[in-house]
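Engineer: Here it is, the structure, as C-alpha cells.
What follows draws every value from the coordinates through simple rules; no lab data is involved. Quick caveat, the model's predicted, so the values are computed rather than measured. Cβ placement follows ideal geometry from the backbone for every residue including glycine, while neighbour counts extend to all protein chains displayed.
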Amino acid sequence: MSEIAENLSLILGKIRDACLRSGREPNAVELIAVSKTFPAQSVREAFEAGQLVFGESKIQEAEPKIAALPGSLHWHFIGRVQRNKVRKILQDFEVIHAIDSLRLASYTNEIAGELGLFPRVFLQVNIGGESSKGGFDPAVLRAEMEELLTLGRLEILGLMCIPPAGADAESARPWFVALRELRDALELEFSFKLPALSMGMSGDYEVAIEEGATHVRVGSAIFGKRSYRVDGELG
C-alpha cells in the first residue's frame, strides 16, 4: 500500500470516528482530496485507493491533470474565482466552493445560462472578518440572500469558510459554530435549505465535522507537505 493510500485510510477512519462522536452517519461527510500543487501521479494513487473527489484551485494547473486522469473523477474548484476564468471553471468542475460576492454569483449565473449548465456552488463567508480573505460579510450575505436565491442557474448547496489561523484545531471551533449558526438562521429567515457546510482542512477537519461540516478539504494530510503556500491554504 502506498503512503497516499495509507494516509487516505487513516483520514477516512478519523472522519468516521468524528461522525460517530457527533451522532451523525459515517457517510455524512464527503472528503475532498485537495490535489493542488501535487502531480497527476499522486492523484492517480489516491484514485487507485478509492478516492474519487478532488479539489483544485488554479485552472492552468488543473486542466492537464483532468485531461490525463480517468473521467470518473469528480473535480471541485476551491480557489478564489476570477471572472475571466468562470467559463472554464464551469466547463471543468462540478462544484465551486468560493462564490464570494453577489456580483460574482450573478456573472456565474449568466455564463452558466449561456453554457446550458446548472452548477452547484457554495457561498464563501468571511466568517472572521479578515481583510486578507474573500467572502461575504455575514450581514451582507443576509441582506443579499433574497437576490442570490433568484439566480435560477445556481444550485446553492450551502456555505463555505476558511477560519482565521489559530494555535490548534480547537481554536477553529467557534468559527465553525458561527458558520453553522449563520446557515441555520438563513434557512429559517428565507425558508430555503442550505444543507451543506464546506469547512475543515488538514489540521482541523475532525473539529469541523463535530460542528456540522458536510464537506472537508484535506490536502497535505493525504499527499504530503506542499513546497509553497497557495490561495490562503483552502485545503
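Engineer: Tally Lys/Arg at +1 and Asp/Glu at -1 over every other residue whose Cβ is under 12 Å from the Cβ of GLU110; what's the total?
Structural biologist: Residues near GLU110 contribute +3 overall.
Engineer: Strictly over 31 Å apart at the Cα level, which of LYS65/LYS193; LYS14/LYS85; LYS65/LYS225 would you flag in this model?
Structural biologist: Violating the 31 Å Cα-Cα cut-off are LYS65/LYS193; LYS14/LYS85.
Engineer: How much net charge surrounds LEU151 when only the other residues with a Cβ under 12 Å from the Cβ of LEU151 are counted, with Lys and Arg +1 and Asp and Glu -1?
Structural biologist: Within the 12 Å Cβ shell, the charges total -3.
Engineer: Along the charge dipole of the stretch 54-127, pointing to its positive end and built from +1/-1 on Cβ of Lys, Arg, Asp and Glu, which listed residue (VAL95, PRO119, ASN84) has its Cα farthest out?
Structural biologist: Going by the Cα projections, it comes out as ASN84.
Engineer: In terms of Cα to Cα distance under 14 Å, which aspartates and glutamates are near enough to LYS36, apart from those fewer than 8 places away along the same chain?
Structural biologist: GLU56, GLU61, GLU63, ASP231, GLU233
Engineer: So, one more: In whole Å, how far is the Cα centre of the stretch 157-195 from that of the stretch 33-55?
Structural biologist: The stretch 157-195 and the stretch 33-55 have Cα centres separated by 27 Å.
Engineer: So how much slack lies between GLU189 and ALA40, counting 0.36 nm per residue of separation and subtracting their Cα-Cα distance, in nm?
Structural biologist: Length gained between GLU189 and ALA40: 49.3 nm.
Engineer: Using a 10 Å cut-off on Cβ atoms, rank the peptides 214-221, 104-111 from the highest mean neighbour count down.
Structural biologist: Highest to lowest by the protection proxy: 214-221, 104-111.
Engineer: Less than 10 Å Cβ to Cβ from VAL95, Lys/Arg counted +1 and Asp/Glu -1: what total charge do the surrounding residues give?
Structural biologist: Net local charge, VAL95 excluded: -2.
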